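Visitor: I have a structure I would like to understand better, so I am pasting it below and will then ask my questions one at a time.
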Amino acid sequence: MPHRPARLLALTAAVTFALTACGGEEAVPEEETAPTEEAAVDEEPTTEAEEAPPEFAFPEDCDAAGALDVVRDHQPADVERVNEETTDEGGIRCLFGSHEAQNGVNLVYSEGFTLADMPDIEDNYEVVAESQDRELYLTDRASELGGLLEISDMGEVDTGRGALLHLPGGVFVAAMSIGRDDIDQALTEEEMDELLVDAAEALIE
């Protein structure tokens, strides 16, 4: 999972690198009488079908993911992609840097079993979080996508923040933002949440 120490080290190194770069018809009744109120009520559906969550396409590369456009909505105009690489697990890592913001932003797209695919996870994520010692949470926008957010352990890195968005269908989007000198230069927790949801929406088929 993207929150494991090995992958965290890879993400941290990658962001640091970015910092150094820049129906049918009704039958007619025999007698033409107006339908009763009771009959009209019976014709209405008794339940409404729940809206299925959107489907997310795993991107071939950073361009297919629309990653730069997503990051531009959360960074100054000078932000640029400084590197793109494939992770050891077959994911796509997109690295961005901004001299004005003095930070680096990393988006990683990967595939696998996500917590969002667990039955009734929206009602039970707190139980899962406690049993697995993970920091899971929801926002309104993440819930609309059927997703679940998770805070990434940054280890000894004290100038940045990381988060992960579990999506239905086995797609993850992870984000990390590291300030050049201190954590105030990194994206806030709220900005990270918005960044991840924006990145997920760009993957909707």
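Visitor: Please report the net charge: other residues with Cβ closer than 9 Å to the Cβ of Val70, K and R +1, D and E -1.
Guide: Local charge sum for Val70: -3.
Visitor: For Ser131 and Thr86 in one chain, what is 0.36 nm times their gap in residues minus the Cα-Cα distance, to one decimal in nm?
Guide: Answer, rounded to one decimal: 13.0 nm.
Visitor: Give the distance, in whole Å, between the Cα centre of region 170-185 and the Cα centre of region 101-161.
Guide: Taking the Cα centre of each part, region 170-185 and region 101-161 sit 13 Å apart.
Visitor: Follow-up. Please work out how much length the chain gains when fully extended from Asp140 to Glu190, using 0.36 nm per residue of separation minus the C-alpha to C-alpha distance, in nm with one decimal.
Guide: Length gained, Asp140 through Glu190: 16.8 nm.
Visitor: If you add up the charges near Ile183, with Lys and Arg at +1 and Asp and Glu at -1, over every other residue whose beta carbon is less than 10 angstrom from its beta carbon, what do you get?
Guide: -3
Visitor: Sticking with this one: Subtract the Cα-Cα distance of Met118 and Gln102 from 0.36 nm times their separation in residues, and report this length gain in nm to one decimal.
Guide: Contour length minus Cα-Cα distance gives 1.9 nm.
All of the numbers you see were taken from the coordinates with simple rules; none came from a lab. Everything numeric here is computed off the predicted structure, so don't read it as measured data. Every residue, glycine among them, receives a Cβ derived from its backbone with ideal geometry; neighbour counts consider all protein chains shown.
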